[in-house]
Amino acid sequence: MANYRFQARNSQGQTQTGTLAADNAATAAALLRNQGLHVLSLSPLAGAGGSASLLERFRDMNAGKPSEKHVLDFTTQLAVMIRAGINLRAALEGIADQTEHRGFKRIITTIKNDVESGRQFSEAIAKYPKLFNPLYINMVRASEVSGAFSKMLDRIAGYIGQSIETRKMVIGAAIYPGIIGTLAVGVTVFLLTFVLPKFKAVFEGKEDVLPWATTFLMSLSESMVNYWYYIVGAVALVFGALYAFTRTEVGSFWVDRVKLSVPVVKAMFRCLYISRSLQTMGQLINAGVPMLDTLAITGDISGNAIFRGLWKRVYTNVKQGKKITQALAKDNTLPRAVTQMISAGEESGKLGEVLDEISAFYARELKDKIKAVTGMIEPIMILAMGTVVGFIAMAIILPIFKMSQIVK
């Protein structure tokens with residue numbers, strides 16, 4: 001038997017807390033109900049073996065945090081099992097048994113225990129907001145009212161899958177420029193700290209005939225060799241300060257504005273945020289989530305402060321009884337054509353379908369923009385790397401050539 005801590009309400013409305021022993025959480029909940037109590041919460045007490053608990057925590061830390069892929073697999077499996085006629089408790093137990101990630105396995109088991117104790121599934125997953133975002137929770141809550149639980153889980157799984165694919169595309173677009181940039185910096189540092197010092201003896205005493213580029217690079221090379229620890233510390237300090245700044249509200253807003261302003265990448269990021277916002281909004285509307293909740297969640301999930309501000313303004317307008325497009329029409333964050341299509345969907349009563357179509361269009365546009373951005377950045381980075389390396393090479397070759405002419 002296991003011990004459980006419970007919180008329950010009696011027929012007079014008074015709250016009671018205590019512990020009881022039972023074979024499992026379902027039996028414990030049944031015992032409490034037989035006593036005329038309404039179960040509010042029920043959780044297993046930690047075992048006496050503190051060392052085992054510490055060992056489990058250490059294993060969980062090594063396993064890392066559950067990822068969005070774990071949530072996708074969990075949602076897909078749960079949808080299949082519910083559609084096959086398996087009850088929710090048994091489905092959760094089966095998924096927990098098959099899950100290899102120890103931390104996520106424990107979370108699923110806790111959710112199962114909460115469901116056994118009488119909680120709604122949406123209440124159980126709401127305890128883990130880092131894994132199950134507001135969109136997930138609200139769509140599940142809406143399905144619990146409508147009764148279309150398995151269909152809603154399929155829709156959520158589709159949303160998560162597309163979100164993961166989009167993130168992979170954006171990250172993939174940044175990998176190649178990142179590698180080229182790292183190589184450029186590495187080659188430049190190597191030339192300045194290992195190659196140029198070899199020519200110090202050759203150029204020594206001939207500073208008058210050296211070009212300004214050579215003089216500048218030799219001074220820079222000497223500084224990097226002699227004071228590298230100061231330079232490394234200064235670079236680390238600058239990057240640390242920039243990172244800390246981007247974590248602030250002002251810094252985050254500045255970064256989000258830059259993403260939508262830099263010529264090469266602004267079109268890509270705009271497609272990303274439009275697709276994400278409208279897909280979220282469409283999914284929630286089709287699920288039957290109230291409009292105000294839909295707009296609040298859309299703003300939170302949009303991923304950009306500019307778009308978050310837009311949806312907050314729309315939320316305020318709708319709360320005052322106005323239409324969605326009244327706020328969108330006064331803002332140029334969304335293209336005019338998108339605003340017009342949203343207006344048409346709002347008038348026809350098919351807003352959810354219209355939003356799905358628009359988000360699908362911008363998802364395709366995002367793929368094209370990513371290919372275009374990658375194609376533009378590649379030659380730019382190669383050109384920049386070649387310019388830097390060529391400048392250093394010419395700064396070495398020109399004075400040698402000049403001195404050979406003098407000797408002749």
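The values are calculated or read from the model by the stated rules, or taken from the named source; none is laboratory data. This one's a predicted model, so the numbers in the text were calculated from it and none came from an experiment. Here Cβ is always computed from backbone atoms with ideal geometry, including for glycine, and neighbour counts include all displayed protein chains. All accessible areas refer to the heavy atoms of the entire protein, side chains included, with ligands and DNA or RNA removed. Shrake-Rupley method; radii C 1.70, N 1.55, O 1.52, S 1.80 Å.
The single condition among (1) in contact (Cβ under 8 Å) with a residue 60 or more places away in the chain; (2) in a helix (DSSP H, G or I) that Phe307 does not satisfy is (1). Note on the stretch 164-174: residues that are open to solvent by 30 Å² or more (accessible area, probe 1.4 Å) and of a type in the set (Gly, Ala, Ser) amount to 2.
Taking the stated definitions as given, is Leu88 surrounded by 16 or more Cβ atoms within 10 Å (Cβ to Cβ), within 35 Å of the chain's Cα centre (by Cα), under 19 Å from Ser117 (Cβ atoms) and modelled with pLDDT of 70 or more? It is true that Leu88 is surrounded by 16 or more Cβ atoms within 10 Å (Cβ to Cβ), within 35 Å of the chain's Cα centre (by Cα), under 19 Å from Ser117 (Cβ atoms) and modelled with pLDDT of 70 or more. The residue pairs whose first member lies in the stretch 115-127 and is modelled with pLDDT of 90 or more, whose second member is of a type in the set (A, V, I, L, M) and not in a helix (DSSP H, G or I), and whose beta carbons are closer than 8 Å, counting only pairs six or more residues apart or on different chains, are Ile125/Leu131. Yes or no: Asp356 closer than 16 Å to Ser277 by Cβ and in contact with a Gly (Cβ under 9 Å, 6 or more places away or on another chain)? Spelling it out, Asp356 is indeed closer than 16 Å to Ser277 by Cβ and in contact with a Gly (Cβ under 9 Å, 6 or more places away or on another chain). Scanning the stretch 354-383 for residues that are modelled with pLDDT under 85, aliphatic (A, V, I, L, M) and under 19 Å from Leu183 (Cβ atoms) turns up Met376, Ile377, Ile380, Met381, Ile382.
Going by the conditions given, is Ile125 crowded, with 18+ Cβ neighbours inside 10 Å, on the phi < 0 side of the Ramachandran plot and under 21 Å from the mean Cα position of the chain (by Cα)?
yes
Please work out if Tyr159 is part of a helix (DSSP H, G or I) and out of contact with any strand residue (DSSP E or B) (no Cβ under 9 Å at 6 or more places or on another chain). It is true that Tyr159 is part of a helix (DSSP H, G or I) and out of contact with any strand residue (DSSP E or B) (no Cβ under 9 Å at 6 or more places or on another chain).
Which of the residues belonging to the stretch 285-295 are outside any loop (DSSP other than H, G, I, E, B) and either under 21 Å from the mean Cα position of the chain (by Cα) or of a type outside the set (Val, Ile, Thr) (or both)? Asn286, Ala287, Met291, Leu292, Asp293, Thr294, Leu295 - these are the residues of the stretch 285-295 that are outside any loop (DSSP other than H, G, I, E, B) and either under 21 Å from the mean Cα position of the chain (by Cα) or of a type outside the set (Val, Ile, Thr) (or both).
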